[in-house]
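A.B. asks: Starting off with a structure, shown below.
The values are calculated or read from the model by the stated rules, or taken from the named source; none is laboratory data. Remember, it's a predicted structure, so these values are computed and weren't measured experimentally. Here the Cβ positions follow ideal geometry from the backbone for every residue, glycine too, while neighbour counts run over all protein chains shown.
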Amino acid sequence: MIKNLEKKARAYALKNAIAYDGIAKMGSVISALFNEGLKPGEVKKNSAKINEVVSEVNNLSKEEQEKEFKKLEKVVQVREGREGLPELPNAKKGKVIMRFAPSASGPLHVGHALTASLSFLFVKEYGGKFYLRIEDTNPENIYPKAYSMIEKESDWLFDGTADVIIQSDRMKFYYEYAEKLIKKDSAYVCTCSSERFKEFVDKKINCPCRKLDVKENLERWKRMLDKGKVSFGEGEAVLRFKAQNSMKDKNPAMRDFPLARINLTKHERQGNKYRVWPLMNLAVCVDDIELGMTHVIRAKDHRDNAERQKKMYEALGIGKKFPWTSFLGRIKFKDFELSTTKMRKEIEEGRYSGWDDSRLPTIASLKKQGYKPEAFWKFAERIGLSENDKVIDRKEFFRLLDDFNK
């Protein structure tokens with residue numbers, strides 16, 4: 001527990017409020033307190049007090065905030081750089097590694113821009129590497145033009161600083177780590193039907209495949225990969241994560257979750273070269289390990305996935321290297337459609353002229369309308385590291401974006 005929590009919370013709230021037109025953000029204050037030594041497990045019991053402090057600060061006039069902050073200025077840690085960003089815990093100068101990972105299902109839109117800009121800005125401020133990782137390990141959900149569109153839009157949005165990697169070009173890594181997990185008895189090949197396995201999950205009992213030894217699982221894994229007569233067919237086998245007593249975990253999402261499956265759909269980029277494709281948790285975990293990810297910002301609906309990936313780090317014996325993770329609340333656009341699949345269908349039907357149609361919330365459209373990358377950076381800073389969901393309509397969004405674009 002950090003000393004003088006209330007005093008430090010007030011100092012950071014005042015600092016944040018001054019940087020944001022008199023309104024401090026709870027998420028930014030908590031993030032700053034993490035840097036002071038607050039532990040994630042201590043947030044819940046202290047959130048009411050911190051929220052009370054933030055509310056008190058927000059009820060002060062700007063003049064009162066500035067006057068009071070002068071008295072508490074020495075309480076906060078001094079940091080060079082952009083005042084709009086919250087503190088990034090455990091950040092070492094020049095060694096911050098972060099990523100933005102859109103799928104290849106379509107081009108970038110405003111939702112991508114606002115989330116990714118935070119990671120980009122942190123790397124820009126502290127120094128390090130920023131990766132654009134195109135996730136395309138689901139052969140059934142790929143838009144061929146997405147690869148070039150995402151790269152081009154990312155180049156514009158992030159000043160050409162993002163290192164681009166494509167997951168389907170990294171299949172050897174996923175296979176290597178799948179085998180590592182099997183050899184550590186932390187993964188097994190399950191041949192039960194999805195319906196039967198769901199019964200095991202619901203009843204919190206082990207699948208019969210779980211008791212197979214490492215040798216048998218390696219043989220089964222080979223049958224998943226091979227294209228011969230004895231190989232498994234599509235839907236006949238799944239690689240699952242195996243942790244001690246995980247089938248009794250209070251969270252059903254943690255119970256022997258899948259890592260890889262057989263999918264014979266022809267891949268846009270790889271053709272029929274591969275028949276076993278990693279699922280999101282395996283691919284993300286492996287890439288984060290191999291690229292040395294230090295900090296990850298992700299939507300809060302990925303909280304279970306983060307926990308799954310942490311378990312995989314631990315199974316591999318590198319639990320201490322798991323990246324610091326922050327979760328963002330959802331931004332719900334009341335009259336925006338952010339599904340690229342739906343947008344693509346409506347473009348094909350002639351409802352829109354293309355991805356740069358002025359009515360679409362795509363980066364291609366907003367760039368064409370004269371918006372600058374800095375407008376998205378400032379917008380992202382304004383949102384900060386907050387887990388609170390936000391609802392915004394089209395009119396309000398563009399009013400804010402116009403202000404930030406000046």
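A.B. asks: With respect to residue 283, determine if the residue is of a type in the set (Gly, Ala, Ser), in a loop (DSSP other than H, G, I, E, B) and buried (at least 17 other Cβ atoms within 10 Å of the Cβ). Break it down stepwise before answering.
C.D. replies: Working: of a type in the set (Gly, Ala, Ser): yes; in a loop (DSSP other than H, G, I, E, B): no; buried (at least 17 other Cβ atoms within 10 Å of the Cβ): yes.
It is false that residue 283 is of a type in the set (Gly, Ala, Ser), in a loop (DSSP other than H, G, I, E, B) and buried (at least 17 other Cβ atoms within 10 Å of the Cβ).
A.B. asks: Quick check, is residue 313 among the hydroxyl-bearing types (Ser, Thr, Tyr), outside any strand (DSSP E or B) and crowded, with 19+ Cβ neighbours inside 10 Å? Please lay out each step first, then the result.
C.D. replies: On the way: among the hydroxyl-bearing types (Ser, Thr, Tyr): yes; outside any strand (DSSP E or B): yes; crowded, with 19+ Cβ neighbours inside 10 Å: no.
Taking the combined requirement at face value, the residue does not satisfy it.
A.B. asks: Still on this structure, I have one more. Could you run through segment 36-50 and say how many residues are closer than 13 Å to residue 5 by Cβ and assigned to a helix (DSSP H, G or I)? I'd like the intermediate steps shown before the answer.
C.D. replies: Here is the first cut: in segment 36-50, the residues closer than 13 Å to residue 5 by Cβ are 36-39, 42-43, 45-50.
Filter once more, keeping what is assigned to a helix (DSSP H, G or I): 36, 42-43, 45-50.
Residues that pass the stated criteria total 9.
Residue-by-condition table, conditions (1) assigned by TED's automatic domain parsing to the domain that holds residue 315; (2) surrounded by 13 or more Cβ atoms within 10 Å (Cβ to Cβ); (3) hydrophobic (A, V, I, L, M, F, W, C):
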position: 193; (1), (2), (3): no, no, no
position: 206; (1), (2), (3): no, yes, no
position: 211; (1), (2), (3): no, no, no
position: 215; (1), (2), (3): no, no, no
position: 221; (1), (2), (3): no, yes, yes
position: 225; (1), (2), (3): no, yes, yes
position: 230; (1), (2), (3): no, no, yes
position: 243; (1), (2), (3): no, yes, yes
position: 252; (1), (2), (3): no, yes, no
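A.B. asks: Of the residues that make up segment 359-382, is at least one assigned by TED's automatic domain parsing to the domain that holds residue 146 and under 30 Å from residue 253 (Cβ atoms)? Break it down into steps so the answer makes sense when it comes.
C.D. replies: Going through segment 359-382, the residues assigned by TED's automatic domain parsing to the domain that holds residue 146 turn out to be 359-382.
From what is left, the residues that are under 30 Å from residue 253 (Cβ atoms) are 380.
Scanning segment 359-382, I find at least one residue that is assigned by TED's automatic domain parsing to the domain that holds residue 146 and under 30 Å from residue 253 (Cβ atoms), so the answer is yes.
A.B. asks: On to the next question. Looking only at segment 380-395, which residues are over 18 Å from the mean Cα position of the chain (by Cα) and more than 22 Å from residue 340 (Cα to Cα)?
C.D. replies: We begin by selecting, within segment 380-395, every residue over 18 Å from the mean Cα position of the chain (by Cα); these are 382, 391-395.
382, the sole residue that qualifies.
A.B. asks: Looking only at residues in segment 325-380 that are without any contact (Cβ under 8 Å) to a residue 12 or more places away in the chain, among the acidic types (Asp, Glu) and assigned to a helix (DSSP H, G or I), which one is nearest to residue 303 (Cα to Cα)? Talk me through it step by step, then tell me what you get.
C.D. replies: Pass one, segment 325-380, residues without any contact (Cβ under 8 Å) to a residue 12 or more places away in the chain: 339, 342, 345-354, 357-359, 365, 369.
Subset that is among the acidic types (Asp, Glu): 346, 348-349, 357.
If we keep only those that are assigned to a helix (DSSP H, G or I) too, we end up with 346, 348.
On the way: 346: 32, 348: 35 Å.
Here the residue is 346.
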